[in-house]
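What follows is one structure encoded as structure tokens, with my remarks underneath.
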Amino acid sequence: MSEVPTITLHDGVEIPQLGFGVFQVPPEDTQEVVEVALEVGYRHIDTAAAYRNEDGVGAAIARSGIPREDLFVTTKLWNNHHGFDSARREFEASVSRLGTGYVDLYLIHWPAPAQDRYVDTWRAFERIHSDGGARTIGVSNFRIEDLERLEAETEARPTVNQIELHPWLQQAELRAWHDRHGVATEAWSPLGQGGELLQDETIGAIADRHGKTPAQAVLGWHLELGNIVFPKSVTPERIRENFDVFGFELSSEEIDEISGLDRGRRLGPDPATFS
Ligand code: NAD
């Protein structure tokens with residue numbers, strides 16, 4: 001079984017660099033799919049209140065018999081619960097759906113700048129962290145200006161920012177900001193949601209050279225850049241394939257070739273306007 005490396009966050013918490021994402025896994029299938037992922041060896045699961053499958057994730061964890069401390073569970077606060085009291089209440093609801101006692105990482109899912117409430121929400125996250133509900137706290141889809149506002153107006157610095165990031169949207173400026181400030185980069189939609197990106201000729205050629213699939217080559221690229229990834233699949237063979245990404249190394253030329261594919265192409269919503 002592959003040994004998954006961990007990344008040490010700025011508060012000392014260790015996170016497995018490869019996990020399993022469950023966005024768009026139907027709630028009724030989630031327990032079964034996560035059971036497969038845990039059997040394959042994944043120990044890091046990325047869910048969210050908005051995915052409506054936290055209870056399925058929790059059921060799979062309970063069934064697995066894996067010690068709680070060997071797992072890393074992330075969930076996220078949805079946009080309609082911004083605000084200090086609302087965020088704390090919603091956190092309790094998430095933990096109760098998961099049944100895991102605490103979460104490893106709690107994220108603000110989107111800054112929703114039009115609501116202008118994420119600073120208060122972050123103060124609730126600081127409290128959730130100091131109360132022991134979440135081992136570490138972070139944000140998702142935050143822009144540099146949002147991160148700088150948290151720096152200026154609150155105490156704790158997010159340990160991670162989970163952003164859309166794949167060869168077509170590489171977010172160089174935001175990643176450089178993360179690096180300067182010790183914030184770890186989590187890449188959502190690391191495979192560009194499958195499909196067209198994985199048909200790219202450059203990626204195909206690199207994958208062939210290593211006897212790997214395009215998905216494995218793209219995940220290898222992320223891992224070598226230091227990104228934390230959690231590809232999603234409901235197909236057992238692909239769940240296995242996406243976990244088998246540690247036995248090869250891309251050359252620096254190959255990394256550069258993939259980095260050359262950037263076209264600033266977003267697949268998901270724009271954080272500046274999403275609310
Ligand atoms: P992804 O890039 O992981 O792509 C998943 C899709 O790629 C699958 O549905 C399947 O069609 C295809 N695929 C998977 N493995 C494959 C393989 N080996 N070969 C060929 N095709 C394959 O996209 P995603 O699910 O959007 O992102 C992954 C995770 O990121 C999510 O499950 C979720 O946990 C997280 N996420 C977070 C946010 C956020 O706003 N924070 C938004 C989207 C996703």
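The values are calculated or read from the model by the stated rules, or taken from the named source; none is laboratory data. These numbers were taken from a predicted model, which means no experiment stands behind them. We place every Cβ from the backbone using ideal geometry, glycine too, and count neighbours over all the protein chains shown.
In the stretch 19-48, the residues that are within 13 Å of the ligand (Cβ to nearest atom) reach residues that are among the acidic types (D, E) and in a strand (DSSP E or B) with C-beta atoms within less than 6 angstrom, at least six apart or across chains, in these pairs: G19/D46; G21/D46. Every condition in (1) closer than 30 Å to W221 by Cβ; (2) within 19 Å of the chain's Cα centre (by Cα) is met by E145 except one, and the failing one is (2).
Considering each residue of the stretch 61-69 in turn, at least one proves to be modelled with pLDDT of 95 or more, among the small types (G, A, S), surrounded by fewer than 21 Cβ atoms within 10 Å (Cβ to Cβ) and assigned to a loop (DSSP other than H, G, I, E, B).
May I ask you to say which residue of P16, P113, P5 is on the phi < 0 side of the Ramachandran plot and surrounded by fewer than 14 Cβ atoms within 10 Å (Cβ to Cβ)? Only one candidate passes the filter, namely P5. Could you say whether any residue in the stretch 133-141 is farther than 15 Å from T74 by Cβ and not in a strand (DSSP E or B)? No, the conditions are met nowhere in the stretch 133-141.
Of the helices (runs of 4 or more DSSP H) lying entirely inside the stretch 161-275, those containing at least 3 residues that are charged (D, E, K, R) and within 11 Å of the ligand (Cβ to nearest atom) are 236-241.
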